[in-house]
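Engineer: After the structure tokens below, expect a handful of questions from me.
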Amino acid sequence: MPFVRANGIDIAYARSGDPNGRPILLIMGLGMQLTAWPDEFVDGLGELGFDVIRFDNRDCGLSTAFDDAGTPSRIWTWVKAAIGLPVHSAYSLEDMADDAAGLLDALKVPRAHVVGVSMGGMIGQVLAARHPQKVLTLTSIMSSSGRRNLPRATPKARAALLRRPKGSDRAALVEHLVDVFRTIGSPAYPTPERQLRERIARSLDRGMNMEGVLRQLVAIVASGDRSRLLRTIRTPTLVIHGAADPLLPPACGEDTARQIPGARFELIEGLGHDLPPALIERFLALIDAHTHGKMAPDPIPRLFERQ
């Protein structure tokens with residue numbers, strides 16, 4: 001696995017597809033490694049002529065871990081955020097966006113299309129705002145602007161994220177993560193059980209960092225409302241969201257698209273908080289059209305009433 005030194009940390013990355021193609025940077029979500037991108041999605045981008053760049057976010061996979069920062073309390077973090085108290089984090093989403101920018105610099109990629117999912121979408125948003133010269137287009141998938149009055153995760157999804165594994169051995173961790181992904185996944189497009197378990201086992205064997213997941217979560221919470229930042233983005237933006245997302249309800253995607261000038265919003269029925277195999281071709285088609293400038297802004301449907 002190759003590494004680069006950027007923004008003061010070591011970043012593990014992978015590069016595939018067409019080396020002479022259009023660069024596209026993929027940014028994964030909370031606690032998810034670069035291997036979490038479905039192979040058929042990565043291969044599909046390569047077939048579309050992209051130079052595909054994936055990486056492990058800080059505190060995840062093989063990139064630099066921040067173990068010296070300690071393990072935050074997930075419950076106390078959630079409580080403080082709920083009542084509006086400040087949340088202090090070991091690093092910020094801005095730091096993580098700067099990591100992505102540093103990676104592109106280290107690879108001598110002046111500009112790239114950027115695709116981020118969940119927390120990766122948030123990092124992509126910050127990257128497009130802080131480093132607009134580096135981002136050709138932005139695709140934000142199943143993400144949010146962080147506005148406090150947006151609908152929250154369902155109780156079941158929130159409980160799944162906050163629940164601790166029943167043991168520390170590998171088997172217990174696999175069962176715990178299967179339960180989490182089943183809870184937040186797509187009800188209309190479930191990932192086959194064997195495929196889900198293999199993907200989770202591969203991540204655990206490669207380098208799962210459960211304390212790092214908590215530190216990343218605190219960074220998200222500490223980021224707060226990014227609406228003002230999003231309104232500064234001038235990068236062509238596509239926002240994709242699932243109508244059945246229990247973790248970040250669809251109003252979060254709608255709001256993200258409303259905050260970014262000229263953004264297009266695509267709502268997918270039956271999609272939860274994952275990248276199910278049955279929808280890979282649809283994701284690829286949307287991203288290909290967007291990066292070729294073939295998707296004009298559409299009126300964004302109102303999914304919720306502003307408070």
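The values are calculated or read from the model by the stated rules, or taken from the named source; none is laboratory data. If you're wondering where the values come from, they're calculated on a predicted model, not measured in any experiment. Every residue, glycine as well, gets a Cβ built from its backbone with ideal geometry; the counts of neighbours run over all protein chains shown. These area figures cover heavy atoms from the full protein model, side chains too; ligands, DNA and RNA do not enter into them. Shrake-Rupley method; radii C 1.70, N 1.55, O 1.52, S 1.80 Å.
Engineer: Between Gly17 and residues 5 or more places away or on another chain, which pairs have amide H atoms under 5 Å apart, with H built 1.01 Å from N, and which residues are they?
Structural biologist: Result for Gly17 returns Val52.
Engineer: In terms of modelled amide H atoms, which long-range or inter-chain residues lie less than 5 Å from the amide H of Gly61?
Structural biologist: Asn209
Engineer: At a probe size of 1.4 Å, how large is the accessible area of Asp67, to the nearest 10 Å²?
Structural biologist: Asp67 has an accessible surface of roughly 90 Å² with all protein chains in place.
Engineer: While we're here: How many angstrom separate the Cα center of segment 1-75 from the Cα center of segment 149-167?
Structural biologist: Going from one Cα centre to the other spans 25 Å.
Engineer: If you rank Glu193, Glu266, Glu198 by how much accessible surface each has, with a 1.4 Å probe, what is the order from largest down?
Structural biologist: Putting Glu193, Glu266, Glu198 in descending order of accessible area: Glu198, Glu193, Glu266.
Engineer: With each pseudo-label sitting 7 Å past Cα toward Cβ, what's the Ala188-Ala171 distance in nm, one decimal?
Structural biologist: Modelled inter-label distance: 3.8 nm.
Engineer: Something else now. Does segment 184-257 come out rounded, prolate or oblate by the C-alpha gyration tensor, with a ≥ b ≥ c the root eigenvalues, rounded set by a/c under 1.5 and, if not, prolate when a/b is larger than b/c and oblate if not?
Structural biologist: Cα axes put segment 184-257 in the oblate bin.
Engineer: Between Glu211 and Thr154, what is the label-point separation in nm under the 7 Å Cα-to-beta-carbon projection?
Structural biologist: 3.4 nm
Engineer: Tell me, what ³J(HN,Hα) does each residue in segment 278-286 have, in order and in whole Hz, if you take phi through Karplus 6.51 cos²θ - 1.76 cosθ + 1.60 with θ = phi - 60° and put x for Gly and Pro?
Structural biologist: Working through the residues one at a time gives 5, 10, 4, 4, 5, 4, 4, 5, 5 Hz.
Engineer: Same structure, new question: Stretched out fully, how many nm does the piece from Met1 to Asp43 gain, at 0.36 nm a residue minus the Cα gap?
Structural biologist: 13.3 nm
Engineer: Any idea how far apart Ala201 and Arg228 come out in nm if each label point goes 7 Å out from Cα toward Cβ?
Structural biologist: 5.0 nm
Engineer: Still on this structure: Counting trypsin sites (Lys or Arg not before Pro) as exposed when in a DSSP loop with at most 10 other beta carbons within 10 Å, what is the longest stretch of the chain free of them?
Structural biologist: 109-293
Engineer: Amide H of Arg147: which non-local residues (sequence gap of 5 or more, or other chain) have their own amide H closer than 5 Å, using H built in the peptide plane?
Structural biologist: For Arg147, whose amide H was placed from the backbone, the distant partners under 5 Å are Arg226.
Engineer: Please work out whether the chain counts as rounded, prolate or oblate from its C-alpha gyration tensor, where a ≥ b ≥ c are the square roots of the eigenvalues and a/c under 1.5 means rounded, while otherwise a/b larger than b/c means prolate and anything else oblate?
Structural biologist: rounded
Engineer: For the chain, report the accessible area per residue in Å² (1.4 Å probe, heavy atoms, rounded to an integer).
Structural biologist: 42 Å²
Engineer: Further question on the same structure: Express the relative contact order of the chain as a whole percentage, based on alpha carbon pairs under 8 Å and six or more residues apart in sequence.
Structural biologist: RCO, the chain: 21 percent.
Engineer: Which order do Asp169, Asp99 take by accessible area at a 1.4 Å probe, largest first?
Structural biologist: Asp169, Asp99
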